[in-house]
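Quick note: the coordinates plus some simple rules give every number you see, no bench work behind them. Predicted model, so just to flag it, every value in this text is computed and none were measured. Please note: Cβ atoms are built from the backbone with ideal geometry, for glycine as well, and neighbour counts cover all protein chains shown.
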Ligand code: SF4
């Protein structure tokens, strides 16, 4: 069986050719799958019955199945999704004024071991496949159409859910191709952001192959502190990471977003802020300050609003664009660093899941 949400023009054409169908049926098939979000060939009503039957024997359905939908008091929705092998991942829909952002997972768990992140506690179970990444977006579009006021469409996609997306680049790149192509979901690359802890060669490959935006999670301003908080620093030092950022093939007028999760007494002093200013010298950068969100077993302390704005002030005073990202969905463990696939493990999609 061929996974339906990994179809591209080449595989669709070879599929219809194998079934003895004319080439234009491939375009129809792609339009059904991505534009009309219909995964079951039996429902592709303008295809002849024989074509529907033939495709039905070759195409597998969606690779992600809704297990649970939770809604935060701030309107954020967390979708727990079950994969074919029973593993759970999470995607988060975040409404904000005229935007509806989907935070997408790229792995089951994560190998990077950042000490301030709940996903790290799971370790890496496996990479997501192309159809599991694209399937999350298709399912979220469906959920948005049903539940958002006036059936809003997704406006932005951020790869900031479970996993390090650049650790799974071989699936990420074809998935981005499907998300952005006119024959696929047709989402503008400008509205897609990939966040990384700083896998240096993969950052370059991403920007050479796509036009998406890059976010780098920085986490600390000294090698020593970053090694402690983000073990990836042992492989790519802070100095190497920043040097790479200076020479990346960034499109004109694009900036790299540096995410900085503030941890009380760890990385939140004015001295840290001044060091950050110096580190970013010569890089087209903006900084996103993030409140740390607690999870069971973690022993960090969330930084106060006052300290966060004090840190921000130092950056602004030195000409660095810096914003504070408000936590969204913390009451349903949907905020940054809290995703850990905690939904129960039924064997079939939960009957009370409304998606
Ligand atoms: S912050 Fe991102 S890269 Fe680090 S452990 Fe969590 S999911 Fe992995």
Query - Between segment 122-176 and segment 185-235, the alpha-carbon center distance in angstrom - result: 17
Requested in this report: For every helix of n ≥ 4 consecutive DSSP H residues, a contribution of -39,500 (n - 2.57) applies; sum these over the chain, divide by its total residues, and give [θ] at 222 nm rounded to the nearest 500 deg cm²/dmol.
Outcome: -9000 deg cm²/dmol
Report summary line: Expressed in angstrom and rounded, the centroid-to-centroid distance over alpha carbons for segment 279-311 and segment 8-40 is 46
Report summary line: Checking 221, 45, 180 against a Gaussian network model of the chain (alpha-carbon springs below 10 Å), the top fluctuating residue turns out to be 45
**Report entry** Cα point-scatterer Debye curve for the chain, base-10 log of I(q)/I(0) at q = 0.08 Å⁻¹
**Finding:** -0.41
Query raised in the report: In a Debye calculation with equal point scatterers on the alpha-carbon sites of segment 258-337 and no solvent, what is log10 I(q)/I(0) at q = 0.14, 0.18, 0.26 Å⁻¹?
Result: -0.46, -0.72, -1.27
Report summary line: Extend 7 Å from the Cα of residue 325 along its Cα-to-C-beta direction; within segment 255-285, residues with backbone N under 20 Å of that point are 255-269, 273, 276-277, 280, 284-285
Report task. Provide the convex hull volume over Cα atoms per residue for segment 2-60, in Å³. Result -> 68
